[in-house]
Amino acid sequence: MAATTTIKVSYLGDITAGYRLSGTAVDQAKPTLVLIKSMWTTSSLYEAQFKSESLADIVNLLATEPLGDNATSCASEYFTYWDSATMALEVLDALKIKKAYALGTSQGGWIVVRMALLAPERGCAHPRLYVDEAWRESVAKLRFSGAVSAETLAFWDETVKSVYSGVEVLKKLRMATINLLFRDGLLARLGDVKCPVYWLQGTEDPVYGKIAPTEHIELFTSSPEATVTFVEGAGHCLNATSPEDAEEAILEMIKKHPWQHKL
């Protein structure tokens, strides 16, 4: 399901930002984990995390939808991943969240790195038109790498077809696809990231494979710790194909870098 809760932020001449929050309100006594999804999905990508009692006990979960996706919209036709990162930071401001952990899946990873660069002090560590069947099928194969059930694939096929429809939505997707293809030249900036980085990489991911993660993790030269862990059998959207591994890594990160609550 797409996010049904929205909040107004002032960036880019006012943005309506879609988000999903665990619980009815932010528990200020807990840290917050920001979740930013991959393209062509909804917050349902993090369903396993939202259902986890282990996570619910210790952290607020906040899934924000980037520009070009679902419930998020703005007056400007043109936007970049930097804009989505700034928007996400403004959502944190609006919800009175001063610091947060961040987890990004696929394009979401590029956005959370930009958040860390933009606000290093905040890191703890008309006719009905739709995306055609061939495109939906190819995206599903790349995203899940054959590591999920036919039922899950059918769910996402129907979700993409229903959510990503209409002229205005496709205009947003065009710009989002341009961002996806060119990535805003992030590699040259990785050396400026100063928070810990823990990269989980699926061995069955056809998009990045094993060579690029091994090389790119070395570019986080200013991070106090930067590691890449390969998860056997996991696909591109690792938190969906291997939710247990993702949860274990999240809990370990929070344990290693405890959040200091200040009243």
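Which shape class, rounded, prolate or oblate, goes with the chain when its Cα gyration tensor gives a ≥ b ≥ c as root eigenvalues, a/c under 1.5 marks rounded, and past that a/b bigger than b/c marks prolate? Taking the square roots of the gyration eigenvalues as a ≥ b ≥ c, the chain is rounded. Computed from the C-beta positions of SER10 and LYS99 and an R0 of 25 Å, the FRET efficiency is 0.75 to the nearest 0.05. Put a dot 7 Å past the Cα of GLU53, heading toward its Cβ, do the same for MET175, and the two dots end up 4.4 nm apart. DSSP bridge analysis restricted to the chain gives an antiparallel fraction near 40%, rounded to the nearest 5. In nm, to one decimal, how far is the THR227 label point from the GLU151 one, both placed 7 Å along Cα→Cβ? Placing both labels 7 Å along Cα→Cβ, they lie 3.4 nm apart.
Using a cut-off of 26 Å between Cα atoms, the listed pairs LYS51/LYS256; LYS8/LYS255; LYS37/LYS161; LYS96/LYS171; LYS141/LYS255; LYS37/LYS171 include LYS8/LYS255; LYS96/LYS171; LYS141/LYS255 as exceeding that distance. Projecting the Cα positions of MET253, PRO243, PRO206 onto the charge dipole of the chain (unit charges on Cβ atoms of Lys, Arg, Asp and Glu, taken about the Cα centre) puts MET253 furthest along the positive direction. Measuring between their Cα centroids, the stretch 137-153 and the stretch 1-40 lie 26 Å from each other. For the stretch 34-151, just say rounded, prolate or oblate: build the C-alpha gyration tensor, square-root its eigenvalues into a ≥ b ≥ c, call rounded for a/c under 1.5, and beyond that prolate if a/b exceeds b/c, oblate if not. Oblate.
Let me know the charge dipole size of the chain about its Cα centre in debye, to the nearest 20, where only the beta-carbon of Lys, Arg (+1) and Asp, Glu (-1) is charged. Provide the component values of the computation, followed by the final result.
On the way: 25 positive and 32 negative charges, 150 e Å.
So the magnitude is around 720 debye.
Readers should treat all values here as calculations from the given coordinates under stated rules, not as data from a laboratory. Since the structure is predicted, the reported quantities are computational estimates derived from the model, not experimental observations. Please note: Cβ atoms are built from the backbone with ideal geometry, for glycine as well, and neighbour counts cover all protein chains shown.
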